[in-house]
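The structure follows.
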Amino acid sequence: MRVVTLLPSATETLFALGVEPVGVSHSCDHPPAARELPTLTSTVVDHEGREAADIDAQMRGVEGAVYDLDVDRLAGLDPDLVITQATCDVCAVDAGAVHAAAASIDAGPETLTLDPHSFADALDDVTRIGAAVDRRDAAATLRARLSDRVDRVRKRAEAAVAASGRPRTAVLDWTDPPIRAGHWVRDMVELAGGDPEFQPCGPSEPVAWDDIRAFEPEVLVVTPC
């Protein structure tokens with residue numbers, strides 16, 4: 001099966017399932033073999049070596065799409081399946097543009113749109129990708145292995161919480177302006193033994209520095225989007 005993946009997590013999952021995609025996004029850099037594959041996306045934002053505020057200003061100033069999809073190159077790769085995402089329009093090519101591009105190709109590739117919003121959803125996507133590329137057994141094995149790792153972390157965290165409680169934890173997606181991480185991050189903080197109350201239950205959202213200071217985090221984690 002000829003598969004194109006337009007987000008790094010799906011690229012890593014495919015390689016883990018023993019399927020090498022024929023094309024990837026410009027953000028896909030792991031495993032190293034992904035860097036040698038044709039890239040199908042690009043961005044007008046100049047982010048290399050830029051400060052967070054500068055990148056944010058560029059993103060806000062873009063007229064039209066932040067990310068471009070090379071439809072001609074996509075057609076030339078003759079994919080059977082295109083994997084994209086609908087969780088965040090700021091993070092990757094808009095899902096609607098991907099569906100339109102796939103529909104315009106004579107071969108008519110299938111599209112798989114991932115839309116995780118919880119930690120469990122992210123694990124479910126391993127199963128969904130495995131089914132789409134006919135690697136169900138490999139996906140079941142991978143998911144079980146990942147779940148085992150999570151269980152080991154959970155048990156260690158439970159012991160730490162029992163001994164010393166949950167530290168107030170704040171995770172930021174961005175720092176200028178500050179944005180607190182949502183979706184599955186709240187689940188991850190709780191699984192790891194932290195107090196997840198600072199994280200939103202839904203998508204990531206802006207937060208004031210005064211609110212961060214008022215929360216008085218004992219642990220501050222910065223995970224630039």
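Go through region 91-201 and tell me which helices (runs of 4 or more DSSP H), entirely inside it, have 2 or more residues that are without any contact (Cβ under 8 Å) to a residue 40 or more places away in the chain and in contact with a strand residue (DSSP E or B) (Cβ under 7 Å, 6 or more places away or on another chain).
The helices (runs of 4 or more DSSP H) meeting that bar are 95-104, 185-191.
Residue 52 versus (1) among the small types (Gly, Ala, Ser); (2) in contact with a Pro (Cβ under 8 Å, 6 or more places away or on another chain); (3) under 17 Å from residue 95 (Cβ atoms): which is the lone unmet condition?
If we test residue 52 against (1) among the small types (Gly, Ala, Ser); (2) in contact with a Pro (Cβ under 8 Å, 6 or more places away or on another chain); (3) under 17 Å from residue 95 (Cβ atoms), just (3) comes out false.
At pLDDT 95 or above, in contact with a Leu (Cβ under 6 Å, 6 or more places away or on another chain) and open to solvent by 80 Å² or more (accessible area, probe 1.4 Å): which single residue out of 152, 145, 135 fits that description? First the steps, then the outcome.
Working: 152 fails: in contact with a Leu (Cβ under 6 Å, 6 or more places away or on another chain); 145 fails: in contact with a Leu (Cβ under 6 Å, 6 or more places away or on another chain).
Sole residue among the options that is at pLDDT 95 or above, in contact with a Leu (Cβ under 6 Å, 6 or more places away or on another chain) and open to solvent by 80 Å² or more (accessible area, probe 1.4 Å): 135.
Check region 79-86 and report whether any residue there is touching a Cys at 6+ places or on another chain (Cβ under 8 Å) and either modelled with pLDDT of 90 or more or surrounded by 18 or more Cβ atoms within 10 Å (Cβ to Cβ) (or both).
Yes: one or more hits.
Also, I was wondering about something else. Which of the residues belonging to region 205-225 are in contact (Cβ under 8 Å) with a residue 40 or more places away in the chain and open to solvent by less than 70 Å² (accessible area, probe 1.4 Å)?
212, 215, 217, 219, 221, 223 - these are the residues of region 205-225 that are in contact (Cβ under 8 Å) with a residue 40 or more places away in the chain and open to solvent by less than 70 Å² (accessible area, probe 1.4 Å).
I've got another one for you. Out of 182, 108, 194, report the one residue that is over 18 Å from the mean Cα position of the chain (by Cα), modelled with pLDDT of 95 or more and not charged (D, E, K, R).
The unique qualifying residue is 194.
Mind counting the residues in region 29-57 that are polar (S, T, N, Q) and open to solvent by 50 Å² or more (accessible area, probe 1.4 Å)? Explain how you work it out, then say what you get.
Initial filter on region 29-57 (polar (S, T, N, Q)): 39, 41-43.
If we keep only those that are open to solvent by 50 Å² or more (accessible area, probe 1.4 Å) as well, we get 39, 42.
Of the residues in region 29-57, 2 are polar (S, T, N, Q) and open to solvent by 50 Å² or more (accessible area, probe 1.4 Å).
Then there is this: Could you check region 20-64 and list, in sequence order, the residues that are closer than 18 Å to residue 2 by Cα, in a loop (DSSP other than H, G, I, E, B) and of a type in the set (A, V, I, L, M)?
Those that are closer than 18 Å to residue 2 by Cα, in a loop (DSSP other than H, G, I, E, B) and of a type in the set (A, V, I, L, M): 22, 37, 40.
The values are calculated or read from the model by the stated rules, or taken from the named source; none is laboratory data. A quick note: this is a predicted structure, and the numbers were derived from the prediction, not measured. Cβ: placed from backbone, ideal geometry, glycine included. Neighbour counts: every protein chain shown. All accessible areas refer to the heavy atoms of the entire protein, side chains included, with ligands and DNA or RNA removed. Shrake-Rupley method; radii C 1.70, N 1.55, O 1.52, S 1.80 Å.
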